[in-house]
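The values are calculated or read from the model by the stated rules, or taken from the named source; none is laboratory data. Being a predicted model, the structure only gives us computed values, none of them experimental. Reconstructed Cβ throughout: ideal geometry from the backbone, glycine too, with neighbour counts over all protein chains shown. SASA here: full protein model, heavy atoms, side chains in, ligands and nucleic acids out. Shrake-Rupley method; radii C 1.70, N 1.55, O 1.52, S 1.80 Å.
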Amino acid sequence: MVPAPRSGVGSGTVPTTITPLPFTTARLDALPLEPAYAEEMATVLADPALYVFTGGGPPDPAALRSRYERQSAGSPDPGELWWNWVLRVRADGVLAGYVQATVRGPRAEIAWVVGTPWQGRGYAIEAAKGLAAHLVEAGGVRELVAHVHPDHAASEAVAAAAGLRPTGEWEDGERRWTGPVAWGSGPGARASGPLIHSSGCT
């Protein structure tokens, strides 16, 4: 688990749509965030253990709905996109976590969370790799960034699997991980909709 992404920086070609396209991996459907998911996601995020490294605590459904409404409305900065997806396990139709990307130009800061009952099954790695592939194919992203607590070995493994490497930069006690993403990285991810290569703003 990593916290919600900070704003990325950079410039280049970006899509202009506020709402991200859905995408799929071998076992997961990544669905664009909607406030209606708040009640089920509050259950997914209910374990206090999820917040050991990031601080905070489990959200109640009302607070989570308010957060999702803000996130779904998009960034007030026209040069920045807030893209959020919930993760649905295709085999049983339940939500199991989420992935996020703050996209600015060709750079995206990403974050992922998988609920405790679904951990240990490789879902976080699958979702992060799928997200990386989707951001390249649907968003024109060329560099990924994440901030990971140095004691969170599981999230470090996810970051490494997504192609990121640790740097010497730190922010709020978390190490910055970054790396380029090659076209088609993260096998198994498929964009559910037309590819977007719109001229963006910085």
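Miscellaneous remarks
- Taking 0.36 nm per residue of separation and subtracting the Cα-Cα distance, full extension of the segment from ALA62 to GLU169 would add 34.9 nm.
- What the range 109-161 shows is 30 Å² of accessible area per residue, with the surface traced by a 1.4 Å probe over protein heavy atoms.
- Cβ-Cβ distance of ALA46 and ASP77, R₀ of 30 Å, FRET efficiency by 1/(1 + (r/R0)^6): the value works out to about 0.40.
- Whole-angstrom gap from the range 46-75 to the range 94-131, using each part's C-alpha centre: 15
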